[in-house]
Each structure stands twice: as C-alpha cells, then as structure tokens.
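First comes the structure, then the notes that go with it.
The values are calculated or read from the model by the stated rules, or taken from the named source; none is laboratory data. A quick note: this is a predicted structure, and the numbers were derived from the prediction, not measured. A quick note on method: Cβ atoms are made from the backbone with ideal geometry, for glycine too, and the neighbour counts reach across all protein chains shown.
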Amino acid sequence: MAKNETDLQIKECGNIRQLIHRLRQNHTLSDQELKELLVTEHTEDLEYLYQSARQICDSFYGKKIYARGLIEFTNYCRNNCYYCGIRRENHKIERYRLSMDDILKCADEGYLLGFRTFVLQGGEDPYYTKEKLGEIVSCLKRKYPNCAVTLSFGEWEPEVYQYWYNCGADRYLLRHETADPLHYGLLHPKEMTLKNRKECLEQLKQTGYQVGAGFMVGSPGQTLDTLIQDLRYLEKLQPHMIGIGPFIPQKDTPFADQPQGTLTLTLRLLAILRLMLPKVLLPATTALGSIHPNGREMGILAGANVVMPNLSPAQARERYVLYDHKIYSGAESAQNRKDLENRMRTIGYELCMERGDSLM
Ligand code: 5AD
C-alpha cells in the first residue's frame, strides 16, 4: 500500500515536470494540463516551475529587474467597479487630483533618483480631458525625452488614445480583469463590458503603444475555467506587459467581505505566464508586496522582472486606496531606492533604471 502511494507520487511528480518542460518548449499546454499546474500541491514541482520560469527570464533579461516610477495622479473615477476602493460610490475616501505642476515635481524627483519610466496612473477622471492629459504628456516628454511615459487611465475613444500617443505616450496599461464575459459582469456594473475593454486593448495595440493587460488573482467568482480563459486571451493578444496581483478586499466596497487572492496561486500564474510569453514584461506588483513582506521577491523568483515603486506625493499615496493595507513606504517608495536595490541584491538581482522597453 505504502509502496503504491509512493509510486503514485513519483509518477505524478514526473508528469508535472514533463508538463513544465513542454510548456517551456512550446509555450502552450492543453486546458487540462494548465489546470494541473494551477492545482498541484507538490512543493518540489512548484519549485521546479518557478525555477524554470526564472531561467527563461534570465536568458532574455539577465539579472536585471526594471524599475518604473509610479505617479498616481487622480483618485476620482467615473466607474463603479465592485472591487475597487476608488469606485465612484465610495464616499468614504478623500478625493484628490494632481496638477501639472505636482506631476512635473514628481517626475523631477524621480528623474534625479534615476527613474527613466514614469507611469501615470489614475481613476477614469474626465477632469483630465484629452487636451489636458495630452499637455501633461507633452511636457514630460519635452523635459525628459530619454524617458518613457506609460499611461494607465482606463477606457477612452480611439481618437483620444491616438492623441496621447501623438503627444509622446509610449505605453498603456489596461488590465482586462477577466476574459470571461459572465465573470466580467460579476465584477463590474452593467455599463462596463468585456467587449469594450477588449476593443480598447486592440485599439491601443493598433495605435502603436506597448500594451499591458492583466487581471486580479482570486477575484470573487474566479474559477480555474475563467483563469484558463485569461491565459488563452493573453496568449492570443501577446501584450508587451502583463500585470497580475492578488485581489485584496477594500472595506468600503461591495466586495469588503470577500476572501483575498492567495500568494501561491499568484506565483504559479506568474511562472506560467513567463513560460507562455517568455519575453513579456511582468511586474511583481504592489498588491503582491502587500500580502506578504517578501511578496515582491518571491514574484521575481517565480519569473517577474519589473517593480513599480511609488513616486506620488505622500498625501496622494494615502488616498489612492484601491485595496486595504496597501504598502507605500519602505522599498515601495521610490525615495527608498537603496532599500529596493538591497532587496533585489539579496536574491541575486540588480535594479535596472534604464527605460526597459519590451523585447517583443
Ligand atoms: N485588489 C487588488 N487589485 C485591485 N485593483 C483594483 N482594485 C483592486 C483590489 N481590491 C487592480 C485592478 C486595476 C488595477 C489598477 O488595480 O486590476 O486594473
């Protein structure tokens, strides 16, 4: 009996390793095989999965972890996503907007700290019209022509995306959140649709942006099947960047009492995505750093290669509460570059301040 059990375990281990090998070689697996990787409990197999992902990443990017300076420029939002702390109907948070001057100050500080990518992230705030945000992007690019500007500002008309691109924006982050239309409907009010989200991503790609998609891990209603749909969607879209992090409940949202996404599932997905899209830029996100003191490091050791420390003014950081217990000091703060550098060095990596364009 005992012998059979051991035999079975060895066989399963062998199978999982074969799957990892095949994923590494062919960058794809069947749905059933992907599900097996998502649920396996064998610690050694998981270690092997992370190591394989890490090796592939090293083969393209070496020991460099790219740093981006994040500027959270508004927490006003016209949307009402059930998971998000800055949703329109959250009347408990204090709202803020950064002026052109505030944003330039953040960038000046960031530039001196060595950052060469600025990510302007905000709620969908119509105060920043096409022209207003365009002016901010133009100013940033005029002042810092050797820096990349990334926008993370939600859904707008194709013509607006084009306008900001013409102003000099290089990249655009827009997570698809889930590739299953029914699941999308569970996470968002009905005025928001997956169809529109996908059209925006297509549009951004056609316009010429380096594009980032992504999703939350463990969001309410997520299943193995919806995750497979996410992987298939990303496989097809071939985005330059993929942002994934655990869902973390925020107390003033309809999802306040929903369980948090797990570290282990997030790490598996990072590793699988690295093996599926070997050259993709994959951040170890703030959310991952927020659920475990070494979350970012573990993310990197599972295949991530980007970190996005915060450059926002202190007051803004406190008010940009997408979820509870968000970290914004220590290594998460751009001002503490040394701290982050040390953390990377401890795991054998170096923080890289170059623009870090996608290799795809
Ligand atoms: N937990 C984790 N991530 C969240 N986001 C929004 N709310 C939460 C939350 N409660 C993510 C979304 C969004 C990105 C900017 O932040 O995926 O696209």
Q.
in a helix (DSSP H, G or I), modelled with pLDDT of 95 or more and in contact with a helix residue (DSSP H, G or I) (Cβ under 6 Å, 6 or more places away or on another chain): is that true of residue 160 in this structure?
A. yes
Q | Criterion (over 26 Å from residue 81 (Cα atoms) and β-branched (Val, Ile, Thr)) met by exactly one of 280, 307, 321 | A | 280
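From the list 94, 47, 89, which residue is within 26 Å of residue 259 (Cα to Cα), at pLDDT 95 or above, assigned to a loop (DSSP other than H, G, I, E, B) and away from the ligand (no atom under 16 Å from the Cβ)? Explain how you work it out, then say what you get.
Details: 47 fails: assigned to a loop (DSSP other than H, G, I, E, B); 89 fails: away from the ligand (no atom under 16 Å from the Cβ).
It is 94.
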Q.
Of everything in the stretch 187-205, what is in contact (Cβ under 8 Å) with a residue 40 or more places away in the chain, in a helix (DSSP H, G or I) and either aliphatic (A, V, I, L, M) or away from the ligand (no atom under 16 Å from the Cβ) (or both)? Give them in sequence order.
A. 187, 203, 204
**Q.** Qualifying residues in the stretch 342-359 (those that are among the hydroxyl-bearing types (Ser, Thr, Tyr) and at pLDDT 95 or above) - the one nearest to residue 301 (Cα to Cα)
**A.** 349
Q: Could you check residue 236 against (1) surrounded by 18 or more Cβ atoms within 10 Å (Cβ to Cβ); (2) without any contact (Cβ under 8 Å) to a residue 60 or more places away in the chain and say which number it fails?
A: (1)
(Q) Scan the stretch 220-237 and tell me whether some residue there is outside any helix (DSSP H, G or I), more than 14 Å from the ligand (Cβ to nearest atom), of a type outside the set (S, T, N, Q) and at pLDDT 95 or above. (A) no
**Q.** Residues of the stretch 243-276 satisfying the condition of being away from the ligand (no atom under 12 Å from the Cβ) and either modelled with pLDDT under 95 or basic (Lys, Arg) (or both)
**A.** 268, 274
